[in-house]
Every structure is written in C-alpha cells, then in structure tokens.
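Structure record follows, encoded as structure tokens.
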Amino acid sequence: MDSKAPSSLPQHRLLAPTIGLAIVSASGLTAAGERQNVLQLDNIKVEAEEGKGYKTERSSSAKYVAPLLDTPQTITVVPPKLIQEQQALSLRQVLSNVSGITFNAGEGGGGSGDSINIRGFSANSNMQIDGLRDSAQTNRSDTFNIEQVEVIKGPNSVFGGAGTTGGSINLVSKQPKNQAFTRLGGSLGTDNYYRLTLDSNQPLEGVGQDSAVRINLMGHQNDVPDREQIDRERWGIAPSLRLGFSDATRLTLSAFHQTDDNLPDYGVPALDGKKLAGVKRDAYFGWKNLDKEQIEQNAFTADFEHDFSDHLRLQNLTRYSRTARDTIVSASHVNTSGVPAGRYRPAGPQAYGRDATTEMWINQSNLIGDFEFAGMRHDLVAGVELSRETLDLKTYSHGLGTALYPRDGYALGTPPGRWNGPVNKATSGYTETTLKGQAYYLFDTIALSERWDLNLGLRYDKIKGDVDKYSGSHVKSESLASDTNKASARTGLVFKPTENGRIYAAWGNSFNPSAENLASTGGGLSKGNQDLAPEKNETWELGTKWGLLDKRLELDGALFRVEKSNARETMADGSTQLAGKQRVQGVEIGVTGHVTEQWDVFANYTFLDSETLKAANTASGIARKGQALGNTPPRSLNLWTTYELPAGWTLGYGTRYVSERNVTSSTRAKLDAYWVHNAMLGYKVNHNLDLQLNVNNLFDKDYVERVRQQNGSTARSSAIEYGDARAAIMSATYSF
C-alpha cells in the first residue's frame, strides 16, 4: 500500500481550506472594522513602522529586564522585517542568518527534525516558544505565526533550565496589537511552490481596555529544489485574543494548530563527508511508497498579566501542547562491499517507523519589579516554573532486510525509490517516558552607579525522569529513573563609558542531566548513566556593544570560552563515566541596523576554536583527544542587506559562508567550505500592494547543510544532506 497516497489528491488540497478560511476571516474582521468607523489607512501605516528596521531594542522574555544594549551576553535577534524579506519559512532558514550555528542530520531513526548546534554544542532540547520550553522532536517547518527569533548564546541554565551548553533559541509568537490591519499574501515559485497566508488583526472597541483579536492562516506546498521526489505540504491556523479587563489587568489566549504531510529525506550516502562516486545529488534512497512523515501540532497558551503598580507586575504563562508525529524513514546508509562496482545494498534502517506523541503542561510565573535600595536601583525578576512532559513512542518495521535485496544490489546512480517486495509490518517495542520539572529563579539588575551595572541570576532545578520500555508484545523489558537537583548561576558586570557604549564581562554555567532528552527522543537514559551526576558547563565572555550613527546601527563584539568539564564517555568495558572535557573559544562580531535611511544591514561573524581536551581511555577516545568538535566550523559569516531605491523599489542581497569543519570529533575527515548567495527585489505598487521576488542559492551551489557525525565505511556508509538548490519565489502581499 502507498503510504503517501494522500499526495495523489488534487495538488492544492491543503491550500483550499486555507483560502476559504482566509476569505471568511478577512471579510468578518473587515466588516467589524467598518462598523467602528476607524480610518484604517492610518492604522496600517503605524503598524508598518513598528517592524521597519532590523535593530531590536529588547528581548521579549520577562527574564531580561534590561535593553539588549545593557545585557551582558551575546543575543542575536532575527527580526520580522528580515524574515519577511527573505521569505524564510522554516526555523532552519531563519537560523541560517546567525553565524556559529550548524545543523545535524536526523539521528536515531526519528527523521531529520530540527537538530541544531550552537557554538559546537547541541541545542536540540533548548527550544522555547515565548519563553516556555518546547522540546518535542519535530520540524519547525513554518514561521507563519512567528514574529521574531532570539538566539541566546552561551551556557545559561539560569534562564533556560537543563541543557543550554551552547545556548538556547526562543521563538516569539505573533500577538494581538492595537492597530487594525489585514495582510493577505500569496506566493508562486519554482519546484511547484504554492503558498497562501492571512494575517488579520482587529481591535475590539467597547470590549474592556485595549482588547484585540488576531488570526494567522497558512497553506503551503513545494518540492525540495533539485530533489524533485521530496515534497512538503502543510497548513496551519493560529488565533489569539487579548482581553483588557482594566488598565492594569490583561489576559491573552492563543491557540496553534499545524499539520504537515512530508516525504522524509535522509540525503545521499557519503564517506568522510563526501558523496559516494556515482551518486547523483538528487538521488532518493528511500522507498516512496512506504516512507512518510505526518505531523500534527496543537498548543493552547494563556498569558495573564497584572500591574500592581508602576513598579511591580505579575505575569503567569500556562501552556498545553501536543505533538503527534508518525514517521517511516529509510536511511541512505549503503553497503558497497560484496557487490559489483557501482552497486549497493541498503545498510541502515529501512522503512523503520516511529509513532510518537509528546504532551506538555508547563506553567511559569514571574514577579517583575523595580525599586531603590541603599541608593541603588534594582530591577528584579522572581519566578517559578513547573512542567510535566510525556512521550509515548511505538517503534515498528516492515520486515525489509538483506535477504530480500537482489544479490548484486541496486545501481548507485539509479536507486529504485519504490519497494516492490514483500512487506511484513510488525511492532518492535514501546517506550513511555515522563519528565517532571520544578524551577525557582531570581534575577537582579543593580545600577551600582551611573556608569556601572551588576547583573545577578540564580536558579534551582529539580528534574525527575522515568522510562518504561516494553517489547512488541507489551511485556515490560526495562525501567529507568533519574533524579537531578541542581543550582545554576550567572553574573555580569556592565561598564557604560558613554551613553551609546557598553563594555561587559560575564560568567555563567549550565548542566546536562542524563534525562535531558527523555521527552524529545525518548533516549539518552540507560542503566549505565541513570545515576550519574549531570555534565557541567561554564562560559566566560568579555564583550562590547555600541550604538552608532545616532543609535541607528549597533556594533557588537565578544570574546568567549565555553568548557564542558565532565562529558559522558563510554569506557572500554561498556560503562559510562564523566571522563571527558571539551572546550570551544572564539570571537563574535555583529552589525545590525540602518547605515543610512535607505540602507539596512544585518551581519555577523563567528570564529570558533574547538577542541576535545580529554576523552575516555579507549581507541576512539585517544583519536578524539586534541581534535576539533564535529560539525563545528572555525569560521562562519552571514550577511543580509537591503537598499531602498527610488520609485518604490528595494534591492536585497545575502550571503552565508561556512568554512571547512570536521565530520566527527574522532577523525580529520572534512566537510567542504561553501558560500551561498541570495537576492531579493521588492516593488511597492501602491499603498496596499507589495510585490517581491526572491532567488535563493543564486549560483546553484552544491553544499552540505546537514551531516550525520559519522565517517562511514564500505560496509555502512554515512550520509549527507544538501542545502536547497537554486529556487525563485514570487510573492504578493495585499494590505487593507
């Protein structure tokens, strides 16, 4: 049976319901606006001005009370204007604007998902949405309801809890606003690219104080450029309602739903980071009639705020989320030994299924205030966070194996792409995990004097993880448990030599418990490590931030060092010990804002010097000692710049550079360096209509964007996943 059969329906099946909802929603909200006799054009103008530039003054998180200029940490914010100019749809596309970030290919049979490294260390469990943890293993495939993305670099468990070795990522959702606007967007492009969006906001006059409603809709489909067999389809809806009970009390209710129907892609087989000879870039090594990726995400959020006075307010955030992800994947690992030259047999998991449901309840309460004490101003945040995450995972297979493959294998140049042999679907096991968290934290920003600020942060986490594993016949095979109680801290000193300049020094730490990934992948915890203490990380950072050109342009720079002092290592006898040590040190430079009124720039550069300082006393451990970390490029650069031309035209250009980097931390095999160039041309037809043309990967560069950190062998290759080939997208946005 063809598990991708839904794709045989009419091509625009996901766009059709979105178009209907868009028309109904737009007409309803517009009619409401007409009844209120409000001058809509003025409101649209004000709204457009809000997101005009790249420069962001403050983090959206309540834990960062100071402006970013006064925050002693490297924080890169990808703003809404840049996301719109690039038509950046996935989280991976957005994060491609931030140097020092790389992407791994999917591991553990769970599909590619979002596997992200910051400063050389995994951030897979360090995703947040509006400041609340979001750790389900899934693809953040669309930004239709995302306002901006914040990347907080360096170990900071004091802000994000467990993990955050290299940093954390906070996705900021679109919220109701005070201005009335409706934006209807449509896009067509190469590779069967079709997209329709609606973003409509309406103040609710006569309903409380500053109440408003907003709805975002999206329907999308495309084939992956230069991998025509790989298709992507999705639709989503995100309504939100803000109720102002009084000047002092507000409640925002938000819902989110997105459905994805994709063909998973594990890339092409590789050895030592290079595509195997005879393999084409667009070759598909899965089974199209068996493989699938079906994702349904739902979330409900309540954000309650109350101002006790001008100096004290309470925020309470509550979210329930559920992600159901049923994937069947076939790895592109191949065995080229024992078959004629130019042929292969599949070597990795084939038609391997994971049916996973992740649920989370999380509540965060913040008391935010400022006061004078001993002649010094204090900006204080005290908070409590409670969470419960569960993962129910069923694994299954379809009985594919060596005995069913042709004796002389398949041609590397023309993999079959469809399975025509027998199928014997069977469940192989069940895993049930629970991860409970309690956190208590306190932050204080102290104005020691006119020129000196002291930032202090302290957090205490209690984390309890439980795992029950069952065989395919529901017989319990293993039970595991882990308890972690750990304190984290952060401190920073900021010197203000001038009104527009800051120099700072900061220190912070973080921890990685063995149960860190229980609610995302279900793995990581074993009998060998369930009683181990967490891995420990520390960071030191010396930096400066300057507002230039009348504060239109911000220049940031930092020297930093991150050390993981007791990394988990598998010993020669198979046991796990905290025996490893890793270090990443380097330089970050960023430029963001207006060079002139017409010229905007968003650029950053990162130099990373990574090294394994200590490894377990095994053959692989000796090889790792002294090596750079895997998929950690010494140099990376990102640039996006636009210039407003006369008569309503805007020209944009972007480039990304990633230097050579190790495939793994145990050998010297390298992934090639690459440059990728993008371009944009925008035209404002009139006050209501904007047109935009984006051409991505302008020179059609073949480059490895994602990699499995394995070198591979002739008996079982590794795999690489290419970045998208050249593609052109034409978009229109109508505002009214």
Residue within the range 320-334 that is outside any strand (DSSP E or B) and touching an Asp or Glu at 6+ places or on another chain (Cβ under 6 Å) present: yes
Positions within the range 457-477 being surrounded by fewer than 18 Cβ atoms within 10 Å (Cβ to Cβ) and either within 12 Å of GLY161 (Cα to Cα) or in contact with a Cys (Cβ under 9 Å, 6 or more places away or on another chain) (or both), in sequence order: LEU458, TYR460, LYS462
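Conditions tested, residue by residue: (1) aromatic (Phe, Trp, Tyr); (2) within 26 Å of LYS670 (Cα to Cα).
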{"residue": "LEU217", "(1), (2)": "no, no"}
{"residue": "VAL224", "(1), (2)": "no, yes"}
{"residue": "TRP235", "(1), (2)": "yes, no"}
{"residue": "LEU243", "(1), (2)": "no, no"}
{"residue": "ASP247", "(1), (2)": "no, no"}
{"residue": "PHE256", "(1), (2)": "yes, no"}
{"residue": "GLY267", "(1), (2)": "no, yes"}
{"residue": "GLY273", "(1), (2)": "no, yes"}
Failed item, numbered, when ASP550 is tested on (1) part of a loop (DSSP other than H, G, I, E, B); (2) over 30 Å from ILE446 (Cα atoms): (2)
Single match in ILE215, ILE169 (criterion: crowded, with 22+ Cβ neighbours inside 10 Å, under 29 Å from THR357 (Cβ atoms) and at pLDDT 95 or above): ILE215
When residues of the range 636-650 are limited to those that are aliphatic (A, V, I, L, M) and touching a Ser or Thr at 6+ places or on another chain (Cβ under 7 Å), the one nearest to VAL695 (Cα to Cα): LEU639
Spans of strands (runs of 3 or more DSSP E) in the range 628-734 with at least 3 residues of a type outside the set (A, V, I, L, M) and within 30 Å of ASP272 (Cβ to Cβ): 635-644, 649-658, 674-684, 718-722
Extreme residue, farthest from the chain's Cα centre (by Cα), among residues of the range 372-425 that are part of a loop (DSSP other than H, G, I, E, B) and among the hydroxyl-bearing types (Ser, Thr, Tyr): TYR405
Criterion (charged (D, E, K, R) and farther than 30 Å from LEU400 by Cβ) met by exactly one of LYS436, LYS476, LYS425: LYS436
Members of the range 180-191 that are of a type in the set (S, T, N, Q) and either within 25 Å of the chain's Cα centre (by Cα) or crowded, with 20+ Cβ neighbours inside 10 Å (or both): THR182, SER187
Among the residues listed as VAL98, VAL77, the single one being crowded, with 22+ Cβ neighbours inside 10 Å, modelled with pLDDT of 90 or more and outside any strand (DSSP E or B): VAL98
Any hit, the range 513-531, residues being assigned to a loop (DSSP other than H, G, I, E, B) and without any contact (Cβ under 8 Å) to a residue 12 or more places away in the chain: yes
Residue match in the range 590-597 (condition: crowded, with 20+ Cβ neighbours inside 10 Å and charged (D, E, K, R)): no
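Table: residues versus (1) free of Cβ contacts under 8 Å to residues at least 60 places away in the same chain; (2) in a loop (DSSP other than H, G, I, E, B); (3) farther than 17 Å from LEU95 by Cα.
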| position | (1), (2), (3) |
| --- | --- |
| ARG140 | yes, yes, no |
| VAL149 | no, no, no |
| ILE152 | no, no, no |
| VAL158 | no, no, yes |
| ALA162 | no, yes, yes |
| VAL172 | no, no, no |
| LYS177 | no, yes, yes |
| LEU196 | no, no, yes |
Of all residues in the range 213-229 being acidic (Asp, Glu) and part of a strand (DSSP E or B), the one that is nearest to ALA727 (Cα to Cα): ASP223
Candidates LEU480, LEU454, filtered to the one that is modelled with pLDDT under 95, in a strand (DSSP E or B) and surrounded by 15 or more Cβ atoms within 10 Å (Cβ to Cβ): LEU480
Meets criteria (farther than 26 Å from GLY160 by Cα, assigned to a strand (DSSP E or B) and either within 23 Å of the chain's Cα centre (by Cα) or aliphatic (A, V, I, L, M) (or both)) for VAL584: no
Residues (farther than 23 Å from THR76 by Cβ and at pLDDT 90 or above) located in the range 549-581: LYS581
Enumeration of residues in the range 532-547 that are under 30 Å from THR433 (Cβ atoms), part of a strand (DSSP E or B) and not acidic (Asp, Glu): LYS536, ASN537, THR539
Some residue of the range 157-171 being among the aromatic types (Phe, Trp, Tyr) and over 30 Å from LYS63 (Cβ atoms): no
Identity of the residue in the range 507-521, farther than 15 Å from ALA481 by Cβ and over 18 Å from the mean Cα position of the chain (by Cα), that ends up modelled with the lowest pLDDT: ASN512
Among the residues listed as ARG661, ARG708, ARG656, ARG726, the single one being among the basic types (Lys, Arg) and farther than 30 Å from GLU563 by Cβ: ARG726
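The values are calculated or read from the model by the stated rules, or taken from the named source; none is laboratory data. Remember, it's a predicted structure, so these values are computed and weren't measured experimentally. Every residue, glycine among them, receives a Cβ derived from its backbone with ideal geometry; neighbour counts consider all protein chains shown.
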